[in-house]
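Only the coordinates and a few stated rules stand behind these numbers; no lab work does. Quantities reported herein were computed from a predicted structural model and do not represent experimental measurements. As a convention, Cβ positions derive from the backbone with ideal geometry for all residues, glycine included, and neighbour counts pool all protein chains shown.
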Amino acid sequence: MWSKKSKPSTKPRPKSGAADTLVTMDTKITGDVSFSGVLFVDGHIKGNVSSTEGNHSLLTIGANGHVEGEIKVPQVVIYGYVKGDVHTAEHLNLQKESRIEGNVYYNLLEMAMGASVNGKLIKKATARKLLNHNPETEDSAEEEIDDLQSTLDGS
């Protein structure tokens, strides 16, 4: 009678502030880190950081966070320091006082006053949509354009 209907499970995008995994200030990791979900780094990682493909993972590097290695994560927020290239498929947010020594490959970039990048900023090309082109209908398309132009010209 009072039962709740279960809704299909759709995993929402992670929000900064909530973390599945936390690397604290006193922690130092040597080696590559691969994760899913939300990773907050306020310690030191010497190695590459990546997330599993096809998800909306979020990496936040805190004010005391230090990463020496390549980062490949869809969403990244940086308050601290990165020495290495940063690849984001969705969103990169550079807060004031953040520093990157390496190239940045981004789709959407937010950069606060005071943030610095010592490297190239490279916008990733978005996938282009192809127009449906059918050579057999090319003549009729030209006729439509001529008709529209005539209408605009008032003839």
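Here are some notes:
- For segment 21-123, alpha-carbon Rg and Dmax in angstrom: 12.0, 35
- Total formal charge among the other residues, if their Cβ is under 12 angstrom from that of Ile45, Lys/Arg +1 and Asp/Glu -1: -1
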